[in-house]
Amino acid sequence: MLIAQISDTHIMSPDANEPKSLARMRALAQFVAHINGLDEKPDLVIHTGDVTHGGKPEFYDIVKAVMSRLSIPVFFAAGNRDDRANLVAGLKDLGGAGTADGFVIYSVDGFAVRLIAMDTQHREHNIGTTCSVRLAALEAMLKEQPNQPTALFMHHPPFEVTTSSHPFQFDDKVLADAFLDVVAHHKQVVHLFCGHAHRPFSVDLETCVATVTPSLPADNRIGDYEGVLKSEPLYHLHRWNPDTVRFETSLHAATLPV
Ligand SMILES: [Fe+2]
């Protein structure tokens with residue numbers, strides 16, 4: 001199983017005269033063309049949130065128009081800059097985004113590793129959070145298939161991104177630990193795919209691996225990048241290795257096919 005992950009596209013105004021907006025649309029379109037041109041296509045794309053910068057329906061219309069050209073399905077998690085209802089209504093046809101108890105929590109089945117989108121959006125802040133309703137929904141889904149390797153994808157890392165000047169982006173250590181406790185009690189969870197930090201990061205947690213994918217567009221990316229990685233749209237590839245029961249993660253520039 002091969003997963004392509006993008007994050008933090010922050011698509012906003014459809015105004016073609018707005019330079020940032022145009023650059024982000026171009027980055028997304030370039031990613032789509034790049035994936036469609038690969039000899040070995042991933043099975044699917046996951047987007048770990050901040051799909052848009054503001055959550056307006058017309059922003060998701062742009063994302064849909066661009067990403068509907070992808071030849072593989074794409075699944076979305078909600079970021080702090082997204083609007084849950086507009087995201088699901090606008091993008092569910094591209095893969096199958098759904099909700100549980102009003103949160104963007106749903107499973108993606110039919111692949112070697114089961115995926116579950118987790119909702120970490122905070123009502124008032126840009127940092128992440130969780131709550132008893134969300135954790136119960138996650139736990140119920142994990143109990144459905146306890147022996148199936150499973151990865152969660154979400155916007156906010158519920159752990160410290162130690163290379164960031166704001167390493168902890170969850171509102172409360174107790175809530176983050178409650179989240180990680182649910183993960184640790186379900187041994188089939190092999191990986192957490194995150195975004196939000198706008199930089200690449202990876203850490204071995206107590207019972208699984210966690211990675212953060214940098215922003216797709218270059219303009220809002222943080223960190224030092226070599227060569228072509230500096231200016232091109234970036235994404236992660238995660239290749240499942242059933243022998244080691246781990247994903248092998250690599251960072252790629254979405255260069256245009258020649
Ligand atoms: Fe973001």
- Message: With just the Cα atoms defining each centre, how far is region 186-224 from region 74-119? Give it in Å.
- Response: 18
- Checking rank on 4-15, 133-144, with mean other Cβ inside 10 Å and highest first, the result is 4-15, 133-144
- Kirkwood-type radius of the chain, with distances r between different C-alpha atoms, in Å: 18.0
- Query: So which lysines can K230 reach, going by Cα to Cα under 22 Å and dropping same-chain residues fewer than 8 places off?
  - Reply: K20
- Between E206 and E160, the two model label points (7 Å from Cα along the beta-carbon direction) sit apart by a distance in nm of 1.6
- Query: What accessible area per residue, rounded to a whole number of Å², is obtained for the chain using a probe radius of 1.4 Å?
  - Reply: 42
- Interchain or sequence-distant (5+) residues whose placed amide H lies within less than 5 Å of the amide H of V108 are L115, I116, A117
- Excluding same-chain residues fewer than 8 positions from K187, which lysines have a Cα within less than 16 Å of its Cα? K143
- Task: Give the accessible area for H236 in Å² (nearest 10); use a 1.4 Å probe, count only protein heavy atoms, and leave out ligands, DNA and RNA.
- Result: 10
- Item | Cα-based helix-to-principal-axis angle, 132-144 vs the chain, degrees rounded to 10 | 80
- Task: Add +1 for every Lys or Arg and -1 for every Asp or Glu among the other residues with Cβ under 15 Å from the Cβ of R199, and state the total.
- Result: -4
- Message: Can you give me the C-alpha center-to-center distance between region 130-183 and region 28-49, rounded to a whole angstrom?
- Response: 26
- So which lysines pass the test for K92, namely a Cα distance under 20 Å, with those fewer than 8 places away in the same chain ruled out? K56, K64
- Calculated from DSSP H runs of 4 or more alone, at -39500 (n - 2.57) each and per residue, what is the 222 nm mean residue ellipticity of the chain, nearest 500? -7500 deg cm²/dmol
- Task: Mind pulling the angle between the C-alpha long axis of helix 57-67 and the longest principal axis of the chain? Nearest 10 degrees, somewhere in 0 to 90.
- Result: 80
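The values are calculated or read from the model by the stated rules, or taken from the named source; none is laboratory data. Just so it is clear, the model here is predicted, and its values are computed rather than measured. Cβ coordinates were reconstructed from backbone atoms using ideal geometry, including for glycine residues, and neighbour counts include every protein chain displayed. Areas reflect the complete protein model, heavy atoms only, side chains present, ligands, DNA and RNA absent. Shrake-Rupley method; radii C 1.70, N 1.55, O 1.52, S 1.80 Å.
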